[in-house]
Protein chains: 2
Amino acid sequence: MRTVPIVLTGFGHVSRAFVTLLRDKRAEVGQRYGLRLDLAAVVKSDGCLFSGAPLDAAHVFRNGEPWVGGNPAWRPGMGLSEVIRSAAPEGCLVECTPSNIKTGEPGLAYIIVALENGWNVVTASKGALVIAFKKLRTLAAGHGLALKFAGATAAALPTLDVGLISLAGAAIEGVQGILNGTSNYILTKMADGLNYDDALQEAQRWGIAEPDPSMDVEGWDSAAKLLLIVNACLETDYGLGDVKVSGITGLRAGVVGEAVRDGKSVKLLASAAPKKSGRGWSLEVRPSLLDPTHPLFHVSGTEKGITFFTDTMGSVTLTGGRSNPRGAAAALLKDLINIYREPY
Amino acid sequence: MRTVPIVLTGFGHVSRAFVTLLRDKRAEVGQRYGLRLDLAAVVKSDGCLFSGAPLDAAHVFRNGEPWVGGNPAWRPGMGLSEVIRSAAPEGCLVECTPSNIKTGEPGLAYIIVALENGWNVVTASKGALVIAFKKLRTLAAGHGLALKFAGATAAALPTLDVGLISLAGAAIEGVQGILNGTSNYILTKMADGLNYDDALQEAQRWGIAEPDPSMDVEGWDSAAKLLLIVNACLETDYGLGDVKVSGITGLRAGVVGEAVRDGKSVKLLASAAPKKSGRGWSLEVRPSLLDPTHPLFHVSGTEKGITFFTDTMGSVTLTGGRSNPRGAAAALLKDLINIYREPY
């Protein structure tokens, strides 16, 4: 049995789901992969939970809320680098702070500290990778460390595994994806006859859309995921400014209804296509009309999907994958296991 | 640049496509993965092509046919173990002999020789794995060697990568697949109104069905693939006799037509479901009626697809992947690269 210390940053829904999943899967991960994943600490900006012994879910959350005040494991002022120096052997940072796609922080600083101290990194947050993917990737490779981010790129839908592993040796000639479950849910409801505002309200009522839905409906979440997938799988170094983004906010119900009557569907499609000029890629997120023969035509509700077009393997399409915090936590666990397991 | 000697067994369509692909992708594989894959030999039952220097496509095939008589590289009587001893450094067997699901030969003997001599194995042929998966897997693991078989389990459709890597840590609760392109093509044509015999003849005319189509249409090809996927991903040790198999040969056009009129489709579905009794799995291949909401409903023509149902990641569906010798060769190359590349 190999013991791996885990340090978690972030205290939100995904973190909570991850801590719970780690507990639920403890026996199975030990038995099947020979791994014991110990939660060594949870780090916040002003201190951390750290007791010198593995933390369990009951040490971290109380009544579903982060437990800081009165927690005997709370170490005010103790930061990530101090935790890493105290936790042996070398382990893995699991980064779950909120995504800030303009600054990349606070995740960016955490990831750099982890990699510079010889720890692997698994992240569910997009910000740092949107801002500094190439720098972080080079830093990880230079130290012989893993930097994995399934949790940031459609989570339980294994976009990167397929793009990087399953298509190895094939040339990817294009990528098209429905990468945001919230906007796809709204479009599905609009296809059922609702107008945009009513569809958004229904999504908010079910907790599918956030109170401020702009990241999702204006296409930036899709754009960030597309960017990460493209930069990883096509070995490019694009920034968010290279993606032409238009969301679904201005979409009239009539346009969606007309598409349905014509046997088509409107999807918020994120795509990468070779530039006409030859070199480089056109990256775009926009509402697009799909024919019934398109492999993503049937992706509906909160479901996501991606199609890779290749030279030797034809097109490979992936759909499904649970779109909730537990699905994201499962993607983090998957990445962790694949770093430390014996190769199959 | 890391040099990997490759020995190929088998001289059929997939072998030829593989030799061509190795040549076509030489620069790309070198540049992107730092690998130089050298074809050291092609082994037949009565001798091999071996010159001590890497073979290229022109040494192996002439006018699209295996080139043995008059080939200066032909070494009558030289077998796989002798080739392996002569080729340095350690390399990989690429096994492409015809699948015999009753005896596993000749692939079984070749794979054992390779593993016992410290070589990794990548195989496109199902026979040996159907007969002796657990034995071969144990042999490989015991020697710290890779035994990869994407080419034997739907090839360019990455069933094993997803089942083994992308779903790591999730419990697979069921598998359903359309794993045979030939029978799916025939069913698609029957949905268009043809009867079974006419649909089969059309498939044969296009080279989609073989002159003797029984392995495909009677369900045994699907059963063998299901068996390999289940034994690998669910860590079981079933044999072909454990799969309940019924094919599409007896299917009346009326049944398919009625399904279409009801908005459904008939697919040759290969499935693994937990036994009602609790322990173990029910394995089955049979024509099945799918609702439009089923994730494989839209898989048509020679396309294949698979859905994994899991506890934490929801269901993940894969469709597409080229169903021809070049697609199979690309799956072999993918497995090879993933054995030798630096981990991402």
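The values are calculated or read from the model by the stated rules, or taken from the named source; none is laboratory data. Quick caveat: nothing in here was measured; it's all calculated off a predicted structure. Here the Cβ positions follow ideal geometry from the backbone for every residue, glycine too, while neighbour counts run over all protein chains shown.
Scanning region B:140-185 for residues that are more than 10 Å from chain A (Cβ to nearest Cβ), assigned to a loop (DSSP other than H, G, I, E, B) and buried (at least 24 other Cβ atoms within 10 Å of the Cβ) yields B:PHE149, B:THR153, B:ALA154, B:LEU179, B:ASN180. Looking only at residues of region B:80-106 that are β-branched (Val, Ile, Thr) and farther than 20 Å from B:PRO325 by Cβ, we find that the one that is surrounded by the most Cβ atoms within 10 Å (Cβ to Cβ) is B:VAL83.
Would you be able to say whether some residue in region B:184-204 is of a type outside the set (Gly, Ala, Ser), closer than 25 Å to B:GLY257 by Cα and touching a strand residue (DSSP E or B) at 6+ places or on another chain (Cβ under 7 Å)?
The answer is yes, given that some residue of region B:184-204 is of a type outside the set (Gly, Ala, Ser), closer than 25 Å to B:GLY257 by Cα and touching a strand residue (DSSP E or B) at 6+ places or on another chain (Cβ under 7 Å).
Check whether at least one residue in region A:213-229 is of a type in the set (Lys, Arg) and either more than 25 Å from B:LEU318 (Cβ to Cβ) or modelled with pLDDT under 95 (or both), and report yes or no. Among the residues of region A:213-229, not one is of a type in the set (Lys, Arg) and either more than 25 Å from B:LEU318 (Cβ to Cβ) or modelled with pLDDT under 95 (or both), which makes the answer no. Where residues in region B:11-31 are among the aliphatic types (A, V, I, L, M), surrounded by 15 or more Cβ atoms within 10 Å (Cβ to Cβ) and over 12 Å from B:ALA57 (Cα atoms), which of them is farthest from the chain's Cα centre (by Cα)? Selected residue: B:VAL29.
Within region B:266-279, track down each residue that is out of contact with any Lys or Arg (no Cβ under 8 Å at 6 or more places or on another chain) and at pLDDT 95 or above.
B:VAL266, B:LYS267, B:SER271, B:ALA272, B:ALA273, B:PRO274, B:LYS275
State yes or no: is B:VAL29 within 14 Å of chain A (Cβ to nearest Cβ), among the β-branched types (Val, Ile, Thr) and either farther than 24 Å from B:ALA152 by Cα or in contact with a Leu (Cβ under 7 Å, 6 or more places away or on another chain) (or both)? Answer is yes for this residue. Annotation: of all residues in region A:290-326 being of a type in the set (D, E, K, R) and part of a loop (DSSP other than H, G, I, E, B), the one that is farthest from A:LYS25 (Cα to Cα) is A:ASP291. Summed over region A:306-327, residues that are more than 7 Å from every other protein chain (Cβ to nearest Cβ) and of a type outside the set (S, T, N, Q) total 5. For A:ARG137, the conditions (1) within 14 Å of another protein chain (Cβ to nearest Cβ); (2) not in a helix (DSSP H, G or I) are fulfilled apart from (2). Of all residues in region A:271-295, those being hydrophobic (A, V, I, L, M, F, W, C) and touching a Gly at 6+ places or on another chain (Cβ under 8 Å) number 3.
Scanning region A:46-69 for residues that are farther than 13 Å from A:SER86 by Cβ, of a type in the set (Gly, Ala, Ser) and surrounded by 13 or more Cβ atoms within 10 Å (Cβ to Cβ) yields A:GLY47, A:ALA57. Considering each residue of region B:2-12 in turn, at least one proves to be over 25 Å from B:LYS126 (Cα atoms) and in contact (Cβ under 8 Å) with a residue 60 or more places away in the chain. For B:THR236, state whether it is closer than 30 Å to A:VAL29 by Cα and within 14 Å of another protein chain (Cβ to nearest Cβ). When the stated conditions are applied, B:THR236 passes them. Restricting attention to region B:304-325, the residues being modelled with pLDDT under 95 and charged (D, E, K, R) number 1. Just one residue in the set B:GLU303, B:GLU342 is more than 7 Å from every other protein chain (Cβ to nearest Cβ) and touching a helix residue (DSSP H, G or I) at 6+ places or on another chain (Cβ under 7 Å); that residue is B:GLU303.
What's the number of the condition B:TRP206 fails, among (1) among the aromatic types (Phe, Trp, Tyr); (2) at pLDDT below 95; (3) buried (at least 18 other Cβ atoms within 10 Å of the Cβ)? Among (1) among the aromatic types (Phe, Trp, Tyr); (2) at pLDDT below 95; (3) buried (at least 18 other Cβ atoms within 10 Å of the Cβ), the lone unmet condition for B:TRP206 is (3).
Do we find a residue being touching a His at 6+ places or on another chain (Cβ under 9 Å) and either β-branched (Val, Ile, Thr) or within 30 Å of A:SER315 (Cα to Cα) (or both) anywhere in region A:118-126? So far as region A:118-126 goes, no, none of its residues is touching a His at 6+ places or on another chain (Cβ under 9 Å) and either β-branched (Val, Ile, Thr) or within 30 Å of A:SER315 (Cα to Cα) (or both). A single member of A:THR20, A:THR3 is among the polar types (S, T, N, Q) and assigned to a strand (DSSP E or B), and it is A:THR3.
Looking at A:LEU289, is it touching a residue at least 24 places away in the same chain (Cβ under 8 Å) and either surrounded by fewer than 18 Cβ atoms within 10 Å (Cβ to Cβ) or more than 14 Å from every other protein chain (Cβ to nearest Cβ) (or both)?
yes
The residue that is modelled with the lowest pLDDT, counting only those in region B:1-48 that are within 19 Å of B:SER99 (Cα to Cα) and of a type in the set (Phe, Trp, Tyr), is B:PHE11.
If we scan region B:275-283, do we find a residue that is buried (at least 21 other Cβ atoms within 10 Å of the Cβ) and either more than 14 Å from chain A (Cβ to nearest Cβ) or assigned to a strand (DSSP E or B) (or both)? Within region B:275-283, one or more residues are buried (at least 21 other Cβ atoms within 10 Å of the Cβ) and either more than 14 Å from chain A (Cβ to nearest Cβ) or assigned to a strand (DSSP E or B) (or both). Among all positions in region A:119-129, there is no residue which is among the charged types (D, E, K, R), assigned to a loop (DSSP other than H, G, I, E, B) and surrounded by fewer than 23 Cβ atoms within 10 Å (Cβ to Cβ).
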